[in-house]
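Report on the structure given below.
The values are calculated or read from the model by the stated rules, or taken from the named source; none is laboratory data. This one's a predicted model, so the numbers in the text were calculated from it and none came from an experiment. Don't worry about glycine lacking a Cβ; one is built from the backbone with ideal geometry, like all the others, and counts go over all protein chains shown.
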Amino acid sequence: MPPSMESTASSGSSEPKTPPAKGSATYPRAFLTPDKDSTPKPATPPSSLRQRFASFTRSSGKATAASLSQSSSASTTPPNEDMSERIEKLDLMRGAPKPDGAAAPREHSAPVSRRASMSKSDNEPHVPQYQNAEQINQDSPLPRVLRSAKAQPLPGHPGNLTEAQTRALHELTAALRHDGALHEAESEPPSYQDTQLLRFLRARNFNVAAARTMYLKAEAWKKEIKLDRLVREFDFAERDEVASHGWSMYFHKTDRLGRPIFIQDLGNMDVTKVFQITTPERVIENFAVTLELAVRHRYEACTVASGRWVDDNMMVVNLAGLGLGTFWSMKGQLQQLLAILDNNFPELSGRVQIINAPYMFSTIWSWVKGWLPVATVEKIDIAGADYHDRIWQYVSKQDWPRSLGGECDCGDAKGCAKSDKGPWDTRLVRTADL
């Protein structure tokens, strides 16, 4: 097995900051999300893109880290109660709490990991209702997969934990339950919750205190941008037009290990035209929604389809035609997106393959690798135009898009970038209507 398939825990020595959210951000009228005011707002000129990226996302939870560092003095108040901008008790079933006096939302009995995400398709998937964690696990095929010899989970993943790692998982679960950050009915292994918590533990080298701080900050950021609402309501209506100017992001089938292939195509991107069509805020929202829906629905489907334990992806970044000028014009935006990925969705990529890297990429790479955790850098392989032999080690030609040198066109007029072919239910990941 090639070295890059191995699991590596992040050192956590340097944590990129997620900048603050800009709650007053405006959007072009045509792309308003359903609950926003439809009054036309003046567009912000492209010259301010970097500042707007820097102001849109928030490094929530700084006070949480401070309170956790004072572990020597016992406190009966959870860290989220001590924050200057208080992380209210997080209920992952219902989203953000309502103000005092407001009517409580209708509670779902299915955990968030098993709920549909409101595809616009008329044929909505049936989502069963559960009363307790035992019923959830009885319905889930994941325990059967983990018990099989074919599962082959990597070290530090569910089904392959040392005693120390198991103890760290139990300690983190107890601490976050004390913080009010976990949904009780999802606490039975091998649950969605355990898979999530192990991602944060691996990202912090199984340091429980560091993983706890990271998790609380991530949940605070997701609450800040109202991610639970976005996964139901957000519509990136400008997707095709943005893609026509060189920036597309899509999942396409699976690699030889059963992992979903996540393609970031930046080939020949025109940054100016892209941000005349959309806004930095909507790019961030689309990125966050794409990652969250993958966590909720894609990996379990890949696990069931392949019989192997799958909880990460193979990410492919196409840099064909990317010049230094384009890189410099989007450097700030790229840095913000990488910070969002590393801080709030850790350990989602088992391998990152960069293809069509231009001859001057060494200059670009010297900047980019400084923004990434060491363990992430170790998962990245860089190739130029002669990348195909490396790809065939991980992906069959029949599953690789024809536009990138493979043999797949997904058999329809939409093409690979829009078909979203794979073992997942496109209604759950909200691509059935593309």
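Kindly provide the set of residues from segment 186-210 that are of a type in the set (Val, Ile, Thr) and modelled with pLDDT under 95, ordered by number. Walk me through it before giving the result.
In the first step, residues of segment 186-210 are kept if they are of a type in the set (Val, Ile, Thr); the result is 195, 208.
If the condition is that a residue be of a type in the set (Val, Ile, Thr) and modelled with pLDDT under 95, then Thr195 is the only one that fits.
Among the residues of segment 278-290, is any surrounded by fewer than 19 Cβ atoms within 10 Å (Cβ to Cβ) and not assigned by TED's automatic domain parsing to the domain that holds Leu176?
As a first pass, look at segment 278-290 and keep what is surrounded by fewer than 19 Cβ atoms within 10 Å (Cβ to Cβ): 287.
Keeping just the survivors that are not assigned by TED's automatic domain parsing to the domain that holds Leu176 gives 287.
Yes, segment 278-290 contains at least one residue that is surrounded by fewer than 19 Cβ atoms within 10 Å (Cβ to Cβ) and not assigned by TED's automatic domain parsing to the domain that holds Leu176.
Among the candidates Val310, Val316, Val304, Val352, single out the residue that is in contact (Cβ under 8 Å) with a residue 24 or more places away in the chain, in contact with a Cys (Cβ under 9 Å, 6 or more places away or on another chain), of a type in the set (A, V, I, L, M, F, W, C) and in the same structural domain as Gln393 (by TED's automatic domain parsing). Walk me through it before giving the result.
Working: Val316 fails: in contact with a Cys (Cβ under 9 Å, 6 or more places away or on another chain); Val304 fails: in contact with a Cys (Cβ under 9 Å, 6 or more places away or on another chain); Val352 fails: in contact with a Cys (Cβ under 9 Å, 6 or more places away or on another chain).
Within the list Val310, Val316, Val304, Val352, the selection yields Val310.
Just give me the residues in segment 383-434 being under 15 Å from Val316 (Cα atoms), hydroxyl-bearing (Ser, Thr, Tyr) and touching a strand residue (DSSP E or B) at 6+ places or on another chain (Cβ under 8 Å), in sequence order.
Tyr387, Tyr394
Considering only residues that are hydroxyl-bearing (Ser, Thr, Tyr) and over 18 Å from Arg298 (Cα atoms), which ones fall in segment 385-434? Outline the logic, then answer.
First pass over segment 385-434, keeping only residues hydroxyl-bearing (Ser, Thr, Tyr): 387, 394, 396, 403, 419, 426, 431.
Tyr387, Tyr394, Ser396, Ser403, listed by residue number.
Checking Asp412 against (1) modelled with pLDDT under 90; (2) in a helix (DSSP H, G or I), which test does it fail?
(2)
Report the residue count in segment 309-341 for those that are surrounded by 19 or more Cβ atoms within 10 Å (Cβ to Cβ) and assigned to a loop (DSSP other than H, G, I, E, B).
Matching residues across segment 309-341 total 6.
Can you say whether Val242 is farther than 19 Å from Asn313 by Cβ and touching a strand residue (DSSP E or B) at 6+ places or on another chain (Cβ under 8 Å), as far as the supplied structure shows? Walk me through how you get there before you give the answer.
On the way: farther than 19 Å from Asn313 by Cβ: yes; touching a strand residue (DSSP E or B) at 6+ places or on another chain (Cβ under 8 Å): yes.
Spelling it out, Val242 is indeed farther than 19 Å from Asn313 by Cβ and touching a strand residue (DSSP E or B) at 6+ places or on another chain (Cβ under 8 Å).
Return the residues of segment 369-408 that are more than 26 Å from the chain's Cα centre (by Cα), farther than 29 Å from Phe327 by Cα and assigned to a loop (DSSP other than H, G, I, E, B); say none if nothing qualifies.
Glu407
Please specify each residue of segment 227-237 satisfying the condition of being assigned to a loop (DSSP other than H, G, I, E, B) and either modelled with pLDDT of 95 or more or of a type outside the set (D, E, K, R) (or both).
The first filter runs over segment 227-237 and keeps only residues assigned to a loop (DSSP other than H, G, I, E, B), leaving 234-237.
If the condition is that a residue be assigned to a loop (DSSP other than H, G, I, E, B) and either modelled with pLDDT of 95 or more or of a type outside the set (D, E, K, R) (or both), then Phe234, Phe236, Ala237 are the ones that fit.
Mind counting the residues in segment 157-172 that are at pLDDT 90 or above and buried (at least 19 other Cβ atoms within 10 Å of the Cβ)?
5
Could you check segment 287-296 and list, in sequence order, the residues that are touching a helix residue (DSSP H, G or I) at 6+ places or on another chain (Cβ under 8 Å) and either within 16 Å of Trp424 (Cβ to Cβ) or polar (S, T, N, Q) (or both)? So that I can check it myself, show each step before the final result.
Of segment 287-296, the ones touching a helix residue (DSSP H, G or I) at 6+ places or on another chain (Cβ under 8 Å) are 287-289, 291-293, 295-296.
Correct list: Val289, Leu291, Glu292, Leu293, Val295, Arg296.
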